[in-house]
Amino acid sequence: MNDAVPEPEGTDPVGVRPAPDDDSAAPAPLDVPRVPTGHPGVDAHVARLADADHLATDGHAEVYEDVHRGLRDALTALDARPGPPGPARHPTTTPR
């Protein structure tokens, strides 16, 4: 006599396997709203964050680092942009 209970179809003896059409393990978009800033360069970098929605967690760092680098460069460019000249400096004289 065999008292072994047969395994139900679609399961693994160690654990339950999802059905082949079950996509629950696939990355799910976070659907975080991205509000436009009005600065095309910044908006392009922020939009790039959506690329992480389709990657596994271990791929997020590359996207985040790329976006961070782009935003940092855009901020640095603001400092380098020539603007109107500042007020003229007058030499100071010291009374004797």
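The values are calculated or read from the model by the stated rules, or taken from the named source; none is laboratory data. Since we're looking at a predicted model, the values are computed, not measured. All Cβ positions, even for glycine, are placed from backbone atoms using ideal geometry, and neighbour counts span all protein chains on display.
Taken over region 47-65, the criterion of being surrounded by 12 or more Cβ atoms within 10 Å (Cβ to Cβ) and acidic (Asp, Glu) is satisfied by 51, 53, 62.
Do we have any residue at all in region 66-74 that's surrounded by fewer than 11 Cβ atoms within 10 Å (Cβ to Cβ) and at pLDDT 90 or above? No, there is no match, as no residue in region 66-74 is surrounded by fewer than 11 Cβ atoms within 10 Å (Cβ to Cβ) and at pLDDT 90 or above.
Total residues in region 28-46 satisfying the condition of being in contact with a helix residue (DSSP H, G or I) (Cβ under 9 Å, 6 or more places away or on another chain) and surrounded by fewer than 14 Cβ atoms within 10 Å (Cβ to Cβ): the figure is 12. If you go through region 42-58 and keep only what is small (Gly, Ala, Ser) and at pLDDT below 90, you end up with 50, 52, 56.
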